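Let me begin by presenting the structure, written as structure tokens, before commenting on it.
The values are calculated or read from the model by the stated rules, or taken from the named source; none is laboratory data. None of the values given here were measured: they were computed from a predicted structure. Here the Cβ positions follow ideal geometry from the backbone for every residue, glycine too, while neighbour counts run over all protein chains shown. Areas reflect the complete protein model, heavy atoms only, side chains present, ligands, DNA and RNA absent. Shrake-Rupley method; radii C 1.70, N 1.55, O 1.52, S 1.80 Å.
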Amino acid sequence: MDDFERLTAADVELMQDLAQRVTAVRPDLVNSDASLGELAWIWGKGHAREGGSWVRRLWFSGDVLVAWGWVALPHRVSRGDGSVKDVTGAALTYQVHPDHRELVDEVIDWYDAVAAGVERTVVPSAADEYALGRWAAHGYGTDPAALGDTGSWTQLNRRDLDDVARPALPDGFRFRTADEAGPRAAVRAHVDAWAPSTYTAEGYEGVRRTPPYRGDLHVLVEAPDGTVAASTIMWLDVVNRTAQFEPVGTHPDHRRRGLGTAMLLHGMRLAREAGADHMTVACLGAPGHARARGLYYGVGFREFTRDAPLIKSRGGIG
């Protein structure tokens, strides 16, 4: 197999299937950005603009995918405000089924070959002791950017949906879905919440076309003046009866008004009606990033697992 094949929509669906199978047996081993919903969100919004820098490799046992690696090579990112950012290193997202953990070494060797000569980062689950040992053996160490009170590591939070409080919005605000509000409102909501953003109408079209996106599980909060004040997408995994919030954002002019809390509660009730019995959401986990974590803890989420960011300099082993 060509080690430099471009990632395709068909590949992503195979990768999502592996995410569901790992979730069924060891959900704590699902790596950062390798869940069903994260794969859909990252691929959907980014492949039209950044897909030229994405390469992948797939490993099969018979006809069944058991491991994959997806590398973002150095590239330039253009934001909606006209600014640009040059990404000079490589970043790997990967997943290996726990029954085939010996493939971790093949994933590492492939990554080192594909991204030779540049700084390499990867974010495995902190619960995967075997994988962490193999990465260390290949010369990867803790990423300094993950250290300290403002480190860039993330935690995955989880809660069940047995008892979800009824949401309460301020007077004049209302819940809408992306199906109701339309693409323009859905895009504007994200761009306003995450400025400066790379999100575009083209990116949203990619998201809409990527399973398991559902417009009725894409929730918006509309202000009295018609501004979309907050938004989130829920990605439903019908096999494991779980759903994930990704992304979650609020317009800067409407923060600290309880909109995020109300939207999350409303979203969880919708996810439960759609068949989910528990919910997940990721956030930055370091002490200096308390705001989002406080929002999620306030509606019943608690840490389930966390990632372990690793790095290898361009002068490292391999």
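Leaving out ligands and nucleic acids, and using a 1.4 Å probe, what accessible area per residue does the chain come to in Å²?
Accessible area per residue: 45 Å².
Once both labels are modelled 7 Å past Cα along the beta-carbon direction, what's the THR150-ALA10 spacing in nm?
In this crude label model, THR150 to ALA10 measures out at 4.6 nm.
Hey, could you pull the Cα Rg and Dmax for the chain, both in Å?
Cα radius of gyration and Dmax of the chain are 19.4, 60 Å respectively.
Using the reciprocal of the averaged 1/r over all distinct C-alpha pairs, how large is the Kirkwood radius of region 236-315 in Å?
One decimal place: 14.5 Å for the Kirkwood radius.
Accessible area of the chain with a 1.4 Å probe: how many percent of it is carbon plus sulfur?
The value for the chain is 48 percent carbon and sulfur by accessible area.
Compute the FRET efficiency between THR198 and ALA137 as 1/(1 + (r/R0)^6), taking r as their Cβ-Cβ distance and R0 = 45 Å, and round to the nearest 0.05.
Working from the Cβ atoms, E equals 0.80.
Once the cut-off is 20 Å, how many percent of the Cα-Cα pairs in region 173-317 end up in the long-distance tail?
51
Hey, can you grab everything whose amide H is under 5 Å from the amide H of LEU147? Only 5+ residues off in sequence or another chain; H modelled, so Pro and N-termini drop out.
SER152
Using r as the Cβ-Cβ distance of ARG166 and ASP63, and R0 as 41 Å, what FRET efficiency do you calculate, to the nearest 0.05?
The formula returns an efficiency of 0.30 here.
For region 229-244, take each phi angle, set θ = phi - 60°, evaluate the Karplus expression 6.51 cos²θ - 1.76 cosθ + 1.60, and give the result in whole Hz per residue in order, putting x for glycine and proline.
With the stated coefficients, region 229-244 comes to 8, 7, 7, 7, 10, 10, 9, 8, 9, 6, 5, 9, 6, 10, 9, 10 Hz.
Scan around GLY249 for amide H atoms under 5 Å from its own, H built in the peptide plane at 1.01 Å from N, and keep only partners 5 or more places away or cross-chain.
The list, which skips near neighbours in sequence, is SER231.
Listed highest first by mean packing, meaning other Cβ atoms within 10 Å per residue, what order do 39-52, 162-175 come in?
Ranked from most to least packed, the peptides come out as 39-52, 162-175.
What is the dipole size for the chain, taken about its Cα centre, with +1 at each Lys and Arg Cβ and -1 at each Asp and Glu Cβ, in debye to the nearest 20?
900
Relative contact order of the chain: what whole-number percent is it, with Cα pairs under 8 angstrom and at least 6 residues apart?
Computed value for the chain: 24 percent relative contact order.
Given labels modelled 7 Å from the Cα in the Cβ direction, how far is it in nm from VAL25 to ARG269?
3.9
Using +1 at the C-beta of Lys and Arg and -1 at the C-beta of Asp and Glu, which of PHE60, GLY46, VAL84 has the Cα lying farthest in the positive direction of the dipole of region 1-105?
Of PHE60, GLY46, VAL84, it is VAL84.
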